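Report on the following structure.
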Amino acid sequence: MEGVRPGGGPSAGGPGSGSGSGSGSFPSLFPPGLHGIYGECRRLYPDQPNPLQVTAILKYWLGGPDPLDYVSMYRNLGNPALNVPEHWHYVSFGLSDLYGDNRVHEFTGTDGPSGFGFELTFRLKRETGESAPPTWPAELMQGLARYVFQSENTFCSGDHVSWHSPLDNSESRIQHMLLTEDPQMQPVQTPFGVVTFLQIVGVCTEELHAAQQWNGQGILELLRTVPVAGGPWLITDMRRGETIFEIDPHLQERVDKGIETDGSNLSGVSAKCAWDDLSRPPEDDEDSRSICIGTQPRRLSGKDTEQIRETLRRGLEINSKPVLPPINAQRQNGLNLDRAPSRKDSLESESSAAIIPHELIRTRQLESVHLKFNQESGALIPLCLRGRLLHGRHFTYKSITGDTAITFVSTGVEGAFATEEHPYAAHGPWLQILLTEEFVERMLEDLEDLNSPEEFKLPKEYSWPEKKLKVSILPDAVFDSPLH
């Protein structure tokens, strides 16, 4: 679906056009948004006016599958004085508004973001003797762009992406990503809005987990202190064989201290999960189940969907669902978004007042509930409890197979419909569970074996009869069946 070519002239529609140095003089047919981004590239690489590009053969706005029109690939000599090695620098074109004619993005003015407001970059260490940049990072960037276009969730510095496979399909330990500001590229003002540049940083599984347990920005700062793990410009080395914690064991202490002090910024995950209301007999189809077994599940109202979406906006993980299209057909991907915390943790939308439940779906108080998770989702329960609830925050599981949602809330969270008097409350298929600090501490003790997945045998059940709460960890196949 893509081709590699040197940057062409305006007649070819490529960004690598124009003549002269600096911003140059561009023909009037050259799209202004494209012009703006390319001008920033020319500022950094005046000696590379026509870089190699990976280009979508059939453009997205003509029905093609790839949202990025182009990915330009530059050779960066690094900075020996800062211990920055020579590397390949990739820049995307297409997440921002390149054309301004509504063919891809709605034009909303010059003051706000252009399109989604950002483009992706990636810095890959150049191997000895390598004369041309590898093209696999372009497909990686296309996969991330497809997620953004499909979900309309934008990326921010500090976000983390769990890819669950070596980024280049090798045997590398670099299997996930963090996102940060590109260290060299400055925001660009175009006629269609502002464009910033977010750099992809490849990380190991252990580093991703540390970002989930703490936050992405903290791990990025640690990576900057380790030259072989990224250094000051956070350059990805696919041949890196050790994590930063193996290179410098003292860094784990800094992470542990950060978790204890700050908690986790991951506020939600898309996951394989379900819940049952044990308060009433299952034959009461109208009221007793959060999910309709064997039937079409009830839909969340638009307001509820927006509230959950805002809850997830600061932290989202997609497990085993190909929303991020795989690089090859043998694997599927997941996504984590890690956001900076707000001072006041609340379930209400950041852009609206508190959500008013839809009048056609009443909120119900439940006496007893049964929560069900697959192993990957269940392994995040200790993070939910220790990193979120003990810090006065909330955590949401959103089912990847339907509208079911489970939100754990602490007593200090505003906007919840679960209360200390009625700790289990449901609004359609959305369940909220309010847990006191004392009960959270007890659950953490009882769920300690979730931290050792290699010793875990499924199915596994945990029960707190006096709280009328049961949690089951089940095989993936249970959630893949038609009943869920």
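The values are calculated or read from the model by the stated rules, or taken from the named source; none is laboratory data. Model, not experiment: these values are computed from the prediction. Note that we place each Cβ from the backbone using ideal geometry, even for glycine, and neighbour counts take in every protein chain shown. Ligands, DNA and RNA are excluded from the accessible area calculation, which covers all protein heavy atoms including side chains. Shrake-Rupley method; radii C 1.70, N 1.55, O 1.52, S 1.80 Å.
Applying the Karplus relation 6.51 cos²θ - 1.76 cosθ + 1.60 with θ = phi - 60° to region 99-114 yields 3J(HN,Hα) values of 10, x, 10, 6, 5, 10, 10, 6, 6, 10, x, 8, 7, x, x, 8 Hz, where x marks Gly and Pro. Calculated translational diffusion coefficient of region 32-262 (4 °C, 1.567 mPa s; Stokes-Einstein with Kirkwood radius over alpha-carbon pairs) equals 71 µm²/s. Taking amide hydrogens as placed 1.01 Å from N in the peptide plane, the amide H of E119 sits under 5 Å from those of T196, F197, L198, each at least 5 positions away in sequence or on another chain. Each label was represented as a point 7 Å from its Cα along the Cα-to-Cβ direction; for E86 and Q365 these points are 7.1 nm apart. Please work out the Cα center distance from region 206-242 to region 407-427, rounded to the nearest Å. The distance from the Cα centre of region 206-242 to that of region 407-427 comes to 36 Å. Each Lys or Arg adds one and each Asp or Glu takes one away; over the other residues whose Cβ falls under 10 Å from the Cβ of I406, this sums to +2.
Residues whose amide H lies under 5 Å from that of S279, counting only those 5 or more places away or on a different chain, are E367, S368; hydrogens are built 1.01 Å from N in the peptide plane. Residue-wise HN-Hα couplings along region 255-262, as the Karplus relation 6.51 cos²θ - 1.76 cosθ + 1.60 with θ = phi - 60° gives them from phi, are 5, 4, 5, x, 4, 5, 7, 9 Hz; Gly and Pro carry x. Applying a DSSP loop filter and a limit of 16 other Cβ atoms within 10 Å to the GluC sites (Glu not before Pro) in region 372-474 leaves E420, E421.
Among the listed pairs K372/K468; K59/K125; K257/K467; K257/K470; K398/K470; K272/K460, which are separated by more than 24 Å between their Cα atoms? Check vs 24 Å cut-off fails for K59/K125; K257/K467; K257/K470. Taking amide hydrogens as placed 1.01 Å from N in the peptide plane, the amide H of N374 sits under 5 Å from those of K272, L474, each at least 5 positions away in sequence or on another chain. Backbone phi angles across region 382-390, fed through the Karplus curve with coefficients 6.51, -1.76 and 1.60 (θ = phi - 60°), yield HN-Hα couplings of x, 4, 4, 6, 7, x, 10, 5, 5 Hz in residue order; Gly and Pro are listed as x. When DSSP beta bridges are limited to those with both residues in region 32-262, what percentage is antiparallel, rounded to the nearest 5? If I count the DSSP bridges inside region 32-262, around 80 percent turn out antiparallel. Ordering C384, C156 by accessible surface, largest first, gives C156, C384; the 1.4 Å probe counts only protein heavy atoms, with every chain in place. Applying the criteria of a DSSP loop state and at most 15 other Cβ atoms within 10 Å to the trypsin sites (Lys or Arg not before Pro) of region 154-246 yields R239.
Kirkwood hydrodynamic radius computed over region 361-478 comes to 14.6 Å, based on all pairs of distinct alpha carbons.
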